[in-house]
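Please treat every number below as a calculation from the coordinates, not as lab data. Quantities reported herein were computed from a predicted structural model and do not represent experimental measurements. Glycine also receives a Cβ, built like all others from the backbone with ideal geometry; neighbour counts cover every protein chain displayed.
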C-alpha cells in the first residue's frame, strides 16, 4: 500500500498494490497493520457503508459535529469526483478542499480523518461507493455544507446535478460556523 500525503494535513490518497494478469486482478482492499503504518496512527473502524448512485448524483457535503467520523472511501464500480473540505478551525488549511477522482480503474482510496466535510459527484453511468467509518452514523449531529457554496469554490465538472432535499438545503460556509476546534 502506498499512502500519498495531500496538501490537506491528515488527508491521504491510498494506492493499494494490485496484481493483475489476463484472468483479472487481486488486491488487498483492507489491512489494519499496513493502513495504520501508512498514515502513522492507529485507526479503528466501526461501520461499513455501500451506496449506488446514478450519473450526476451529488451526495454531500456531510459531516457529523458531535460524533465526527473518519472515513476510508473507495469506488468499487464506476467513477466519482470525491471532495473533502477541511473544517478544523485550528488547521492552516481550514476552509480549503481537495478534489480527487476515485474509480474502479485507478482503485485509489481516500482516508478522510475526523474534522472534514465529505461529498462526491458520480461521473460514470452509475457508481458503487463503499466506505468505512470510525464512528457510527448519528443523525442528530449530522451537518451539511452547501455543495456549490461560492466561498468554497469547488470546481464541480457539471452544475446540473441531482441532490437530495437535505443536501439542497445545506448551509453556506462561514468561518464562524459550527465546525471542529
**Request:** Looking only at the range 51-61, decide whether some residue is within 13 Å of residue 116 (Cβ to Cβ), buried (at least 20 other Cβ atoms within 10 Å of the Cβ) and under 17 Å from the mean Cα position of the chain (by Cα).
**Result:** yes
**Prompt:** Could you list, in sequence order, the residues of the range 169-181 that are in a strand (DSSP E or B) and under 18 Å from the mean Cα position of the chain (by Cα)?
**Reply:** 180
**Message:** When you scan the range 36-48, do you find a residue that is more than 16 Å from the chain's Cα centre (by Cα), without any contact (Cβ under 8 Å) to a residue 40 or more places away in the chain and surrounded by 14 or more Cβ atoms within 10 Å (Cβ to Cβ), even just one?
**Reply:** yes
**Asked** Just a yes or no: is a residue in the range 143-155 closer than 18 Å to residue 7 by Cβ, out of contact with any strand residue (DSSP E or B) (no Cβ under 8 Å at 6 or more places or on another chain) and crowded, with 18+ Cβ neighbours inside 10 Å?
**Response** no
**Message:** Among the listed residues 24, 20, 70, identify the single one that is in contact with a strand residue (DSSP E or B) (Cβ under 9 Å, 6 or more places away or on another chain), within 24 Å of residue 127 (Cα to Cα) and exposed (fewer than 15 other Cβ atoms within 10 Å of the Cβ).
**Reply:** 20
**Request:** Just give me the residues in the range 21-73 being at positive phi and assigned to a helix (DSSP H, G or I), in sequence order.
**Result:** none
